[in-house]
Amino acid sequence: MKIFSLFLIFALSAFANEPQALPQIPDINVQPSTQATQTQSVSENNSTKPTRNPFESVITPKQSGQISNPPKLDLFTKTTLNLPSSARKIKKIALSYQNLDGSISTMEQELDGNIDWHFPLVLIQEVQANTALPTISNFDFHNIFAFDIDKKNLILKTPLKLIRDFTLASPTRLILDFKSDSKQNLQDSITTNLPVINEVKLQTHLDFYRITLNLDGQYKYSLKTTKEGLEIDFY
């Protein structure tokens, strides 16, 4: 009996000293039911979400890539430069200006001559009308395209639908392509002798007519469709 008791005490002691696995502590921040619901929701959203065409641009371009309401700027006319009393000769003049893209450039002009500091130097910009050649601001191409040009504004009346517009450089041109189902081959051109738009051309392509506006320099433009055609403003 003693031997059995000693054996039982030894077994209980050994069992008590054997390392026991700790119970798993539940994570109070994650609820199994919620996590399963979220996983199911993500799966459903991914399966039902429409796929994007990889060849389609993510950014939607603005129409014509231009500003619809151009700012109205005051035209520079005149400024005077007062010289110090030590000035005796003019050697060079530098002019900084802002480009269409907002960058700043500087042009320099070498000069050479005596100056009198009592009198200021004057920088002036004058708009001079070209009276040597007659100007044309209203004209028509084959009773399909009617043009009305007023300074930097162009009203173009046509029953055809514009399919694209873009610019080209050297020289600066604005291209307007119009959808046409007609097989009629039309060619025409006119020199306006106007500032901004100095020449207009009409050409026929396979299924569209192309109007080319030759410009006398670099401009931005805004274009809007009207009931009768187009209205374009240059600035």
Q: Could you tell me whether the stretch 133-142 includes any residue that is over 26 Å from ASN99 (Cβ atoms), among the aliphatic types (A, V, I, L, M) and either in contact (Cβ under 8 Å) with a residue 60 or more places away in the chain or open to solvent by less than 70 Å² (accessible area, probe 1.4 Å) (or both)?
A: yes
Q.
Looking for something among the acidic types (Asp, Glu) and either modelled with pLDDT under 95 or touching a strand residue (DSSP E or B) at 6+ places or on another chain (Cβ under 9 Å) (or both) - is there at least one such residue anywhere in the stretch 163-172?
A. yes
Q) So which pairs qualify, if the first residue must be in the stretch 144-173 and among the aromatic types (Phe, Trp, Tyr), the second must be exposed (fewer than 12 other Cβ atoms within 10 Å of the Cβ), the Cβ gap must be under 8 Å, and the two must be at least 6 apart or on different chains? A) PHE147/ASN138
**Q.** Which listed residue, of LEU154, LEU194, LEU223, LEU213, is in contact with a helix residue (DSSP H, G or I) (Cβ under 6 Å, 6 or more places away or on another chain) and within 30 Å of GLY102 (Cα to Cα)
**A.** LEU223
Q) Got a sec? Which of ALA87, ALA94 is more than 30 Å from GLU199 (Cβ to Cβ), at pLDDT 90 or above, surrounded by 10 or more Cβ atoms within 10 Å (Cβ to Cβ) and over 28 Å from the mean Cα position of the chain (by Cα)? A) ALA87
Q: Note down all Cβ pairs under 9 Å where the first residue falls in the stretch 108-128 and is closer than 15 Å to PRO84 by Cβ, the second is in a strand (DSSP E or B) and not polar (S, T, N, Q), and they're at least six residues apart or on different chains.
A: ILE115/LYS89; ILE115/ILE90; ILE115/LEU121; PRO120/LEU81; LEU121/LEU81; LEU121/ILE90; LEU121/ILE93
Q: Give the number of residues within the stretch 141-157 that are under 15 Å from ILE197 (Cα atoms) and in a loop (DSSP other than H, G, I, E, B).
A: 2
Q) Hey, among the residues in the stretch 178-232 that are of a type in the set (Gly, Ala, Ser) and either free of Cβ contacts under 8 Å to residues at least 40 places away in the same chain or over 24 Å from THR135 (Cβ atoms) (or both), which one's surrounded by the most Cβ atoms within 10 Å (Cβ to Cβ)? A) SER180
Q. How many of the residues making up the stretch 158-177 are open to solvent by 80 Å² or more (accessible area, probe 1.4 Å) and not in a strand (DSSP E or B)?
A. 3
Q: Could you grab me the full set of residues in the stretch 214-235 that are more than 20 Å from ILE144 (Cβ to Cβ) and either at pLDDT below 95 or not in a strand (DSSP E or B) (or both)?
A: ASP216, GLY217, GLN218, TYR219, LYS220, TYR235
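The values are calculated or read from the model by the stated rules, or taken from the named source; none is laboratory data. Every value quoted in this text rests on a predicted model; they were computed, and no experiment measured them. In this analysis, Cβ positions are derived from the backbone assuming ideal geometry, glycine residues included, and neighbour counts consider all displayed protein chains. Each accessible area value is taken on the protein alone, full model and side chains, heavy atoms only, with ligands, DNA and RNA left out. Shrake-Rupley method; radii C 1.70, N 1.55, O 1.52, S 1.80 Å.
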